[in-house]
Amino acid sequence: FVQRCLGVLAFLLVFATGLCARAQTPILEEPNYKPTLTFDVAVIRLAPPPDANFHVSVSSPPHSSRFEATNLPMKALLQIAYGFDAPVVGAPDWTANTFYNINARSDEAADARLAKLTDNEVRLEKRNAIRVLLADRLGLKTHLETRDSSIYNLVVAKGGIKMQAVPLPPDGQVPATPPPANVEAHGSRHGLEFVGSNASMRAISGALSSMVQAPVVDNTGLTGTYNYTLQFGREWSENDPDGWPSIFTAVQEQLGLKLEAVHKSVPNLVVDHITKPTEN
């Protein structure tokens, strides 16, 4: 089932702690703040062919320049660098169905500088480093263009959430370095199963965005982290009498959330030029 899952899995990733804020804090553009961080070392290698245990992960610790990814498609890296609120258009197919392992970092001086910045400034710095990497190694050129697009608002369904909330420590304090969010995907004749842990609503919205191939905007107001299992049908499971329900039904019945479709004029990230990454 792996080959048939690739179109959905191409966007699946584990949200980097340092790139996606803890809980619900969004990444805010700050016109008066100019990030300058770049990677001193960046290794990009083609990942082995995916198998039944296909898993995508991203690690970027807070206040560290380190960025590591496993089985990451370049289209997902584009969304990390430019945000999940803007649909990516014009990217060639290989950006979604070819996977890479990435290991990048700056030096100790950069880490020391990051440690003195606010969380939002750190995320802006890391985004800048990834954008420079994409430009240098893939020749990326893009522009923003406002287009009428289909997006989804994510809200709490009637009856409340059905995900398992991750409890706070006994002292009630949010840990300075919370456990990383994690998502695994498994294909079967019934459809696709996503198993998430330590996921904020921002991470869940991003994962759902990958499944519905459109931006998902979190309007739940939930600020905790959650464990969940989501099982939904795909085109190959439509004739299976035991096939799982549609993604929209599954989200409501299994997570206690609801995807509401709307059309809005939103910025689209238009890819003007991109090539496969150069070998190290």
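The values are calculated or read from the model by the stated rules, or taken from the named source; none is laboratory data. Because the structure is predicted, anything quoted here is derived from the model rather than measured. Using ideal geometry, Cβ is built from the backbone for each residue, glycine included, and neighbour counts are taken over all protein chains shown. Side chains are part of the model used for accessible areas, which takes the heavy atoms of the whole protein and leaves out ligands, DNA and RNA. Shrake-Rupley method; radii C 1.70, N 1.55, O 1.52, S 1.80 Å.
Sub-6 Å Cβ pairs linking a first residue in the range 186-205 that is without any contact (Cβ under 8 Å) to a residue 60 or more places away in the chain to a second residue that is assigned to a helix (DSSP H, G or I), at least 6 apart or interchain, are His190/Ser237; Gly191/Ser237, ordered by first then second residue.
Each row is one residue, and each column tells you yes or no for (1) of a type outside the set (S, T, N, Q); (2) in a helix (DSSP H, G or I).
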site: Phe39; (1), (2): yes, no
site: Pro49; (1), (2): yes, no
site: Ser64; (1), (2): no, no
site: Ala69; (1), (2): yes, no
site: Leu72; (1), (2): yes, no
site: Leu78; (1), (2): yes, yes
site: Asp85; (1), (2): yes, no
site: Ala91; (1), (2): yes, no
site: Tyr100; (1), (2): yes, no
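Counting only residues that are among the hydroxyl-bearing types (Ser, Thr, Tyr), within 21 Å of Pro167 (Cβ to Cβ) and assigned to a loop (DSSP other than H, G, I, E, B), the range 215-260 holds 2 of them. Of all the residues in the range 58-98, those that are under 12 Å from the mean Cα position of the chain (by Cα) and polar (S, T, N, Q) number 2. Being closer than 19 Å to Ala86 by Cα and part of a helix (DSSP H, G or I) is the filter; apply it to the range 133-153 and report the residue that is least open to solvent (accessible area, probe 1.4 Å). Checked the range 133-153; the qualifying residue least open to solvent (accessible area, probe 1.4 Å) is Leu134. Candidates in the range 29-50 are the residues that are hydrophobic (A, V, I, L, M, F, W, C) and closer than 17 Å to Ile130 by Cα; of these, the one that is surrounded by the fewest Cβ atoms within 10 Å (Cβ to Cβ) is Val41.
Listed here are the residues, each with its yes/no results for (1) buried (at least 19 other Cβ atoms within 10 Å of the Cβ); (2) among the aromatic types (Phe, Trp, Tyr); (3) farther than 30 Å from Arg45 by Cβ; (4) out of contact with any strand residue (DSSP E or B) (no Cβ under 6 Å at 6 or more places or on another chain).
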residue	(1), (2), (3), (4)
Leu208	yes, no, no, no
Asn227	no, no, yes, no
Glu238	no, no, yes, yes
Ser246	no, no, yes, yes
Glu253	no, no, yes, yes
Gly256	no, no, yes, yes
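Of the residues that sit in the range 107-132 and are in contact with a helix residue (DSSP H, G or I) (Cβ under 7 Å, 6 or more places away or on another chain) and open to solvent by less than 30 Å² (accessible area, probe 1.4 Å), which one is nearest to Leu37 (Cα to Cα)? This residue is Glu125.
In the range 212-225, the residue that is nearest to Val155 (Cα to Cα) out of those that are open to solvent by 30 Å² or more (accessible area, probe 1.4 Å) and β-branched (Val, Ile, Thr) is Val217. Among the residues examined, Pro267 does not qualify as at pLDDT below 95, open to solvent by less than 50 Å² (accessible area, probe 1.4 Å) and within 29 Å of Thr95 (Cβ to Cβ).
Of Ala47, Ala91, Ala110, which residue is farther than 30 Å from Asp218 by Cα and in contact (Cβ under 8 Å) with a residue 60 or more places away in the chain? Residue meeting the stated conditions: Ala110. Contact map, the range 249-275: first residue in contact (Cβ under 8 Å) with a residue 40 or more places away in the chain, second residue buried (at least 18 other Cβ atoms within 10 Å of the Cβ) and of a type in the set (Gly, Ala, Ser), Cβ cut-off under 7 Å, separation 6 or more or different chains; pairs are Val266/Ala86; Pro267/Ala86; Asn268/Ala86; Leu269/Ala86; Val271/Ala91; Ile274/Ala91.
Based on this model, can you work out whether Gln3 counts as out of contact with any His (no Cβ under 7 Å at 6 or more places or on another chain), modelled with pLDDT under 65 and among the polar types (S, T, N, Q)? Considered against the rule, which asks whether it is out of contact with any His (no Cβ under 7 Å at 6 or more places or on another chain), modelled with pLDDT under 65 and among the polar types (S, T, N, Q), Gln3 comes out as yes.
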